[in-house]
Amino acid sequence: MTNDPHTSPVTESSSSLDRIFRPRGVAIIGASNDPQKRGYQAVASLLQASFAGGIYPVNPKGGEIRGIPVAKSVAEIEGDVDLALICTPASTVPDVLLECAQGNIAGAVVLALGFREIGAEGEVLERKIHEVIERTGIRVIGPNTSGILDPHRGLNLIGVPDVPAGRVALLSQSGNVSLQFMIESMRRSRIGFSMVIGVGNEIDLRFDDYLDYLGNDPNTTAIAMYVEGFRDGRKFLAAAERVSAKKPVILLKGGATLRGRAAARSHTGALAGSYPVFRAGLRRAGVVHVRRSDELFHVAETLASQPARGGYRGIAVITDGGGHGTLAADAIKSHQVDLTELSSITTIQLRELLGDVAGNPIDLAGMADADPMVFARCADLIMSDDQIGTVLIVGLFGGYHRRFAAELLAREVAAAQALVECARKHNRALIVHSLYADTASEPLDVLRTAGVPVIRSLEVACRCAAACYQRGALLSEHRGTPPPVSPNKWAGISKVREQARTVLLETEARELASGYGLKIVPATLCTNGEETEHAVANCGGEAVVKIVAGAVTHKTDAGGVKLGVTTAEARSTFDAIVTSVRGYCATRGQQADIRGVLVAPMLPKPIAELIVGYKRDPHYGGVLIVGIGGVAVEVLKDVSMRLLPVTRADVRSMLSEIKGARLLRGHRGAKRVDRDALVDAVLAVAECVRSNGEIVELEANPVFAYEHGCVAVDVRAML
């Protein structure tokens, strides 16, 4: 039997988690009459929330808590119990879990700290818990968790009172972050929660389990996540891709920096992994990634309440001031989304209503000061435009009766009602930024009651609008099908293994990659000056000469590359390169393992130099990298990433994402590169690494891109 319950025979489907999340009864193990302890607070919270199931306190001392008799053990409970809340210290948890399993309890929420996050002693306890899970099939939430909450059923094992029931589920590895979002929901929104789960250390149930369950939960419309790290990043991304096709998944990541990752390890015992690779995985999985804590709840609220528009329908901004309109346009652009150009018909209609209209953002230029209903009239025209999927209102709405005249209140309330009706009629997303969002406002209450997000921060409101667009783009995206894995493995791997090497010689890397269709500049291996002279002459009298040595991966650093070598210089160049590389390796205490030099013809100057690379990430699997290459690749870091497998559409999207994409399209009248040839080159690298699982790194850099075709100049690979 494996130590991983995810692959053990007792693994259950997500639907069977109903016993845990919809329990007939809850046992509070470690119940107490001390109001300061969780064993008391849990009983009180379940009573206050009117939990419909049975509540069964357990403590060896017996007695009574809040009028409920206390069982001295799980075996003494009289009633159906599906879930246990374990409030006892970490050292007791394995034995308590075994007792629960013997009492036919399906799952347990373990609150205690003191497991993997504290080091070796905690890891021993975790192994004991795994043994119980394997033997019994009981499922565990946590440990090191804040608990779970389902406001729809009164299942409050977190202890925060009066959290509204709603449509957003929250998965979090931080109790304080969960509390922040619950408070935001109570103060600033009417959206509420379907479920709140403190994920904790993922000792058993993991993010992917919860995602699959919530993906089928009828009360959940959107899933928000605060994540510090995963026990199994690949399983999470697979689950996220399944679920995001049905419901929006919004994620905030802790541990993006070196210090943040150190904090994450001490907090949850999880590995944060590589942040850029993680972001690439989120994009592939269709997860909406937010970077600020004040964005997570509002983006989830927006995607849970507003219609998802497919077909890349865009964003229009209505503003009552030019400054806010300008800031909104800039903020939306920062999320790689442009405001949409309105149709000519819409522009004509807006001019009839407003007079001179410069475009999008649409500036009301003070017209709403006397009549806020102009917002609704303007929105109705814009939402009639089939190119617009989201309307963002920014400025003073909700506060005109405060700012100008109390008599405007009735008109502002009517305008709010008209905006709601307009959005419903056209099935468009509506978001409102208001300077008065934190004040008492009847017009804003009308919007909130109808599910319209009302947001105080302009930047957060713009992030919500961008998320609507991104969600619509995801739903209308047609990635196609990745090509099948080729059954043809490279025969040279066994030879490299026999020599106890992991780094391939360039000659071997060329043979490997070219076998899957990557076009590489032809080259001749030479072992002495005479062979080098003959090879240079065959190149037309001018060539590139570079070392082939087992100990050298960065040839330029070792003085192992010479450009523009003539026939007359060939012999001396061979000697100079070999001498330079030997000296370079000697200073590092390495054997040079020189096999000779490669001689290749000088190529015409390309339109662009690119890198096409692959690296196997320990957390998320194979990562494909495309970007601006050459010797400055590590300085520029202008690359796009995807997790394998990729489709042709994925690769074209990658090429359009890099900052140097303008060079590929023909910047300032220059010729365009052969994009189809570049896509073929990237797919060839992808096929190569997918067919040879031993490869951990492969890089073609630079790849010279021309108007017709492209060719790799240098190839490296590592097993």
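For (1) touching a Lys or Arg at 6+ places or on another chain (Cβ under 9 Å); (2) more than 30 Å from CYS422 (Cα to Cα); (3) touching a residue at least 40 places away in the same chain (Cβ under 8 Å), each residue gets a yes or a no:
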{"site": "ALA450", "(1), (2), (3)": "yes, no, no"}
{"site": "ILE455", "(1), (2), (3)": "yes, no, yes"}
{"site": "LEU458", "(1), (2), (3)": "no, no, yes"}
{"site": "TYR469", "(1), (2), (3)": "yes, no, yes"}
{"site": "LEU474", "(1), (2), (3)": "no, no, yes"}
{"site": "LYS489", "(1), (2), (3)": "no, yes, yes"}
{"site": "THR507", "(1), (2), (3)": "yes, yes, yes"}
{"site": "ILE520", "(1), (2), (3)": "yes, yes, yes"}
**OP:** Among the residues of the stretch 418-441, write down those that are exposed (fewer than 15 other Cβ atoms within 10 Å of the Cβ) and either within 20 Å of SER305 (Cβ to Cβ) or within 35 Å of the chain's Cα centre (by Cα) (or both).
**Re:** GLU421, ARG424, LYS425, ASN427, ASP438, THR439
Original post:
If you take the residues in the stretch 297-349 that are out of contact with any Phe, Trp or Tyr (no Cβ under 9 Å at 6 or more places or on another chain), hydrophobic (A, V, I, L, M, F, W, C) and outside any helix (DSSP H, G or I), which one is farthest from THR221 (Cα to Cα)?
Top reply: LEU342
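Would you pick out the residues in the stretch 591-628 that are more than 30 Å from ALA280 (Cα to Cα) and out of contact with any Gly (no Cβ under 9 Å at 6 or more places or on another chain)?
As a first pass, look at the stretch 591-628 and keep what is more than 30 Å from ALA280 (Cα to Cα): 591-605.
Hits for the stretch 591-628 are GLY596, LEU598, VAL599, ALA600, LEU603, PRO604, LYS605.
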**OP:** Considering only residues that are basic (Lys, Arg) and touching a residue at least 24 places away in the same chain (Cβ under 8 Å), look in the stretch 663-719 and name the one that is most open to solvent (accessible area, probe 1.4 Å).
**Re:** ARG672
Original post:
Where in the stretch 553-648 are there strands (runs of 3 or more DSSP E), lying fully within it, with 2 or more residues that are closer than 19 Å to ALA513 by Cα?
Top reply: 594-601, 608-617, 621-628
**OP:** Give me the pairs, please: first residue somewhere in the stretch 522-549 and assigned to a helix (DSSP H, G or I), second residue anywhere and aromatic (Phe, Trp, Tyr) and at pLDDT below 95, beta-carbon distance under 8 Å, and either six or more positions apart or on two chains.
**Re:** GLY529/PHE574; THR532/PHE574
Original post:
If we scan the stretch 431-449, do we find a residue that is in a loop (DSSP other than H, G, I, E, B) and acidic (Asp, Glu)?
Top reply: yes
**OP:** Looking only at the stretch 231-249, count how many residues are touching a Phe, Trp or Tyr at 6+ places or on another chain (Cβ under 9 Å) and either open to solvent by less than 10 Å² (accessible area, probe 1.4 Å) or more than 27 Å from GLU123 (Cα to Cα) (or both).
**Re:** 4
**OP:** Spot the failing condition for ALA42; the list is (1) assigned to a loop (DSSP other than H, G, I, E, B); (2) closer than 26 Å to ASP18 by Cβ; (3) open to solvent by less than 20 Å² (accessible area, probe 1.4 Å), and only one is missed.
**Re:** (1)
Subject >> Condition check for ARG463: in contact with an Asp or Glu (Cβ under 7 Å, 6 or more places away or on another chain), closer than 24 Å to THR390 by Cα and either part of a helix (DSSP H, G or I) or without any contact (Cβ under 8 Å) to a residue 40 or more places away in the chain (or both) >> reply: yes
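The values are calculated or read from the model by the stated rules, or taken from the named source; none is laboratory data. Because the structure is a prediction, the values reported are computed rather than measured. Every residue, glycine as well, gets a Cβ built from its backbone with ideal geometry; the counts of neighbours run over all protein chains shown. With ligands, DNA and RNA removed, areas are computed over all heavy atoms of the protein, side chains included. Shrake-Rupley method; radii C 1.70, N 1.55, O 1.52, S 1.80 Å.
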